[in-house]
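Read the structure below first, then the notes.
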Amino acid sequence: MAVVEPSPSLDILVRGPEGLFIWNGPPFPGGEPGVKLDRVPCTSAKFSDDGSKLMVSKSDSVISVFDCKTLREIRSFDVPNLLAAVISPCGTYLQTFQKCSSPQHKNVVLWKIENGESVYQLFQKNITKVTWPSVCFSSDEAVACRLATNEIQFLDPRDFSKGFVNRLRVPGVAALELSKAPGTYVAAFVPESKGMPASVQIYACEKELQSQAVARRSFFRCSTVQLSWNSGSTGLLVVVQSDVDKTNQSYYGESKLNYLTTDGTHEGLVPLRKEGPIHDVQWSYSGKEFAVVYGFMPAMTTIFDKKCNPLLELGTGPYNTIRWNPLGNFICLAGFGNLPGDMAFWDYKEKKQLGTTRAELSVTSEWSPDGRYFMTATTAPRLQVDNGVKVFRHNGSLYFKKMFDRLYQVDWKPESVEKFGEIEDLVKAVGSVKIDEVNVPGKGSKATQAVPKATPANLPAAKPAAYCPPHAKAAAAVQAELFGGNPSGELSKNALKNKKKREKQREKKQAEAASASGGS
């Protein structure tokens, strides 16, 4: 009989003015979390992606690395004029950026944590969110690369002394995103230049396969992009953001969601049912579907499969954030930032809403590694008052709450999702969703199996309707009155009025342009 290893315990990192603490995660036996690691003075802290190491910045020149199993300090680095530091996904390397004094001074250093030795150095004038970390790793650290002028350089993680072993020529490249699991592809972003459109190109990481891009997509009116790979490295989501909205519908510019696959089956826009910005997008852990929150408020949420076909719609509401738990069975929709903090919890397998609640003024939010708890936090310096942490159960009921005079950071310690089981059930559930069952005109009777039957009012639309359980219909009706939508997905009077107003403005501009061209 095989011995089943117990699931790992959940740990929570809490950092305040006095330093960081490590709490025992839920469930809390006495209603309060126990302290596993007492006060460690620091200015910042970050777990490695696999949860094996903890990087702690104690000052502007000292960085310590802790082993997360023993919670003991295993290495300390003294790096003068330190400006930034990051730990590699498996906790093997520490990367630091120092204030540069001259081009001859190599101010980016890659340290091996095991022995504390420097294994790679380079010069970089400055860093931004796009260009840091300088050396990027795949999730298993089997592939490493860095961005250089007009090219991407690949390094050998087993021997950094070789320097770059391969370089991929991409003229004008300004950002890259290496696929994580596995690290077989790299996406390169080239901004607009001299009348040429911006583009995102996907290349294989193997030198023999880099003769041409496996996928490419060009964009006009593109200021920045957000690149998101799925697990399995088969699909890339690209959120294209423009600073100016030429339709004058949004002060914040316009955004579009594009989808590219490494096998070339899809290179284009994701078909969205509502006009407006892309608020949030997230892949499921399996990498077989993704969820998008989009459109003018009240925003709409739709789940797509990896072939870009809609699977499920979660209706409309005051939401701009989506969090898919690591096991893929629960989803949290939330409205944070300038929204009041409404949250709706869904069971993805059963296609039903579990509950709703509110977490006002939340700055950060994330599911626990076991997918059973959802934690939100109000932190400084974003907000200086009402700092605290809340932990909710998977159905939205409040499990724990603690307030602080000042709170800087709250994080779950990462754990591999396989350690908690149930991923096989997720894969079976995803595999049971038939693509040809999506409600598409002309597909026969199967189209009615995956989507509720259309009412006479929306019969021609032939699109999946939002699921609303019976006990939630009254709440949905109240929400519709408050936020301008309704449970059936139709536009409210105010939304319809605004839509007609936008259409009239558009027609007026077209008429003026036509008369101007006719007069000339």
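I need the GluC sites (Glu not before Pro) found in the range 9-115, filtered to DSSP loop residues with at most 15 other beta carbons within 10 Å of theirs. Spell out each step's value before the answer.
Numbers: sites: Glu18, Glu73, Glu114; in loops: Glu18, Glu114.
Filter output for the range 9-115: Glu18, Glu114.
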For this session: Give me the net charge of Val238's neighbourhood, meaning all other residues with Cβ under 12 Å from the Cβ of Val238; Lys, Arg count +1, Asp, Glu -1.
Result: +1
For this session: Report the FRET efficiency, 1/(1 + (r/R0)^6), for Arg406 and Arg502, where r is their Cβ-Cβ distance and R0 is 45 Å, rounded to 0.05.
Result: 0.50
Exercise. Accessible area of Cys136, 1.4 Å probe, to the nearest 10 Å²?
Worked result: 30 Å²
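State which entries of Lys180/Lys349; Lys194/Lys274; Lys53/Lys352; Lys162/Lys307 exceed 29 angstrom in Cα-Cα distance in the structure shown. Write out the running numbers ahead of the final one.
Values: Lys180/Lys349 26 Å; Lys194/Lys274 33 Å; Lys53/Lys352 38 Å; Lys162/Lys307 40 Å.
Listed pairs above 29 Å: Lys194/Lys274; Lys53/Lys352; Lys162/Lys307.
Where a ≥ b ≥ c are the square roots of the eigenvalues of the C-alpha gyration tensor, would you call the range 180-243 rounded, which needs a/c under 1.5, or, failing that, prolate if a/b is larger than b/c, or oblate? Intermediate values should be presented prior to the final figure.
On the way: a/c = 3.21, a/b = 1.54, b/c = 2.08.
It is oblate, given that a/c is not under 1.5 and a/b is not larger than b/c.
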Problem set entry | GluC sites (Glu not before Pro) within the range 193-279, DSSP loop, no more than 15 other Cβ atoms inside 10 Å | Glu206, Glu275
Exercise. Sorting Lys307, Lys256 by accessible area (1.4 Å probe), largest first, what list results?
Worked result: Lys307, Lys256
Exercise. Say each of Leu383 and Lys106 gets a label point 7 Å from the Cα, pointing the same way as Cα to Cβ; how far apart are those two points in nm?
Worked result: 4.6 nm
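How would Met297, Met55 line up by accessible area, probe 1.4 Å, largest first?
Working: Met297 90, Met55 10 Å².
Of Met297, Met55, the descending order of accessible area is Met297, Met55.
Between rounded, prolate and oblate, where does the range 287-328 land on the alpha carbon gyration tensor, with a ≥ b ≥ c its root eigenvalues, rounded for a/c under 1.5, else prolate if a/b exceeds b/c? Intermediate results must be reported in sequence, preceding the final value.
Working: a/c = 2.58, a/b = 1.48, b/c = 1.74.
The shape class here is oblate.
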Exercise. For Glu275 and Glu114, FRET efficiency with R0 = 60 Å and r from the beta-carbon atoms, rounded to 0.05?
Worked result: 0.70
Seminar exercise, completed: Taking only protein heavy atoms and a 1.4 Å probe, the highest-to-lowest accessible-area order of Ser515, Ser52 is Ser515, Ser52
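Restricting attention to the range 122-179, which chymotrypsin sites (Phe, Trp or Tyr not before Pro) occupy a DSSP loop and are surrounded by at most 13 other Cβ atoms within 10 Å?
On the way: sites: Phe123, Phe137, Phe154, Phe160, Phe164; in loops: Phe123.
Hits after loop and neighbour filter: Phe123.
Gain in length, Lys129 to Leu83, computed as 0.36 nm per residue apart minus the alpha-carbon separation, to one decimal in nm? It would help to have the intermediate numbers written out before the result.
Details: separation 46, 0.36 × 46 = 16.56 nm, distance 1.32 nm.
Working it through step by step, the gained length comes to 15.2 nm.
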Exercise. Tell me which aspartates and glutamates have Cα within less than 16 Å of Lys500's Cα, excluding those fewer than 8 residues away on the same chain?
Worked result: Glu275, Glu490
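Ranking request for peptides 494-503, 183-192: highest mean number of other beta-carbon atoms within 10 Å first, then the rest in descending order. Write out the running numbers ahead of the final one.
Working: 494-503: 12.6, 183-192: 21.3.
Top to bottom by mean Cβ count within 10 Å: 183-192, 494-503.
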Seminar exercise, completed: At the level of C-alpha centres, the distance separating the range 66-101 and the range 301-372, in angstrom, is 34 Å
Exercise. So how exposed is Lys401, as accessible area in Å² (1.4 Å probe, rounded to 10)?
Worked result: 110 Å²
Problem set entry | Cα shape, the range 183-295, gyration tensor, a/c 1.5 rule | oblate
Problem set entry | Rel. contact order, % - alpha carbon contacts under 8 angstrom, at least six apart, the range 276-323 | 34 percent
Seminar exercise, completed: For Ser218 the rounded accessible area (nearest 10 Å², probe 1.4 Å, non-protein molecules ignored) is 60 Å²
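The values are calculated or read from the model by the stated rules, or taken from the named source; none is laboratory data. Computed from a prediction, not measured in an experiment: that's the story for all the values here. Neighbour counts run over all protein chains shown; Cβ positions are idealised from the backbone, glycine included. Each accessible area value is taken on the protein alone, full model and side chains, heavy atoms only, with ligands, DNA and RNA left out. Shrake-Rupley method; radii C 1.70, N 1.55, O 1.52, S 1.80 Å.
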